[in-house]
1. Arranged from highest to lowest average of other beta-carbon atoms within 10 Å per residue, in what order do the peptides 242-253, 423-434 appear?
2. Calculated FRET efficiency, residue 279 and residue 192, Cβ-Cβ r, R0 25 Å, to nearest 0.05?
3. Pull up all non-local amide H partners of residue 304: gap of 5 or more, or a different chain, and H-to-H distance under 5 Å with H placed in the peptide plane.
4. How far apart, in nanometres, would the label points at residue 402 and residue 259 be if each is projected 7 angstrom from Cα along the Cα-to-Cβ direction?
5. Could you compute the net charge surrounding residue 397? Neighbours are other residues with a C-beta less than 13 Å from the C-beta of residue 397; K and R count +1, D and E count -1.
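No value in this document is a laboratory result; all are computed from the given coordinates. This structure is a prediction, so every number in the text was calculated from the model and none was measured. Counting neighbours? That spans all protein chains shown, and the Cβs are built from the backbone with ideal geometry, glycine included.
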Amino acid sequence: MSALSDRKVSYKQPPRSILDRTLSQETRRKQALDDQKRRRAKRIDSERHIDLFAGLRLGDSDDDDGGNADAEIVRSGVAQLAAMLHEGPSGPPPTETKDLELPTAFQPKRKGRRKKAPPASKKPKPNKWAEKIMYAELLEMPETDPWTATPAFDPDADAPLDGLPPDLQTNWVAVAPVPTGKRCLAISHQGSGSIGVVPNTVLRSRLLGKPLMPRFPSPLPSDTILDCILDQNWQDNGILHVLDVLKWKGQDVADCESSFRFWWRDTRLCELPPPRPPTSSAPASLRPNLASAPIAPPTPTSYKFPYPTTFHPIAYHTDTTLPHLLARIIPLARAAYSVPVSVPVLPEDGEAAMDVEQLPLAQTVQPAQVELQSDGLLLYVAQAIYEPGTSPLSSWVPRIALAPPGAPAKATSSLSPLDTFESLVKRRLAREHSAGHVTDEAMQS
């Protein structure tokens, strides 16, 4: 009866993740950041080989022996090792032939069929590129206490909780607008020809690490890994949005802080040469199914890209102060925006392949503006390094309200997470203004 009564008591309690403060997103975020700092310090110490010198100490100096010049020195020769030597090959070693057995290869074979062992079940090896992307958690924004439905209160900070990270204005980096698309890894390999002509880049999915399309040529240097978002209409605009960088030209950048990685990404992408236009349009077999694919916005031409050609970095913002969030970042996460692209010019017959080797680049492409829709806002802890898998060090604020698990797509609330985020930012800003006003009055009095 005790178990049944406990079950009745906890029937309508809030989830454990809300009741237990040790499981909150803020607590897990602090713990993950501390673990990263500890692993980073340990790795640096191991690379400096500090452990090799931990047990070393300075020996006694010559002055500590008291000048004892009559110390006995033991000298021994190699005579004592003579007994350990084997006798020379004066005669053949004794052999015993009684228990001599023939090798297995010379033994007579037994008649009869040998039972075949059942085939061992081969488990598929996990792909080494699976779950290598740092995936953000949905930002937890608890406005009210789950028991009393009143504004939550933080006893440690002696202030009401507004659902936002306490260090949002100082230790975070915002990425907005985040486009709609599919997360993937862009991996460039060593090619045997010139960069941009020989297929050297492959896109791999986030969960399974499988290729999303065949290899294609790109201006990326070899041994480069990028965290990207493949645009939902990439066959119409040829855009691959670059979110983060893990490795560039063999140099590991994943162990660097978020703000440095974003700066490195923009700096290196600006140095790339302009992409060469594809030699042909995408075949019908590679084009998306129009019945299931989302309707693409109108494009200047009817050209279909066989692979992405434009590597567009997603804008990041190191200024995450409350006024800047309200005036700049949140409006960017809401509105549509345009991106310049280069669309190849189709031949006159519309079917023949373009001879890009004989035509200059300016005559084979034409500039165009493509309108894109924002999917929301990403927040990264500024001091965090890149780690694979879902991490609380990166938070996601979608623009559109999400449907509960198992509910139809139409069963969404009218207030989206981005609307909640904006209201909480306004509330914190108003509280800071009121606190500053009270402080000024106290100083004047």
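1. 242-253, 423-434
2. 0.85
3. 282
4. About 2.8 nm separates the two model spin labels.
5. Net charge around residue 397: -3.
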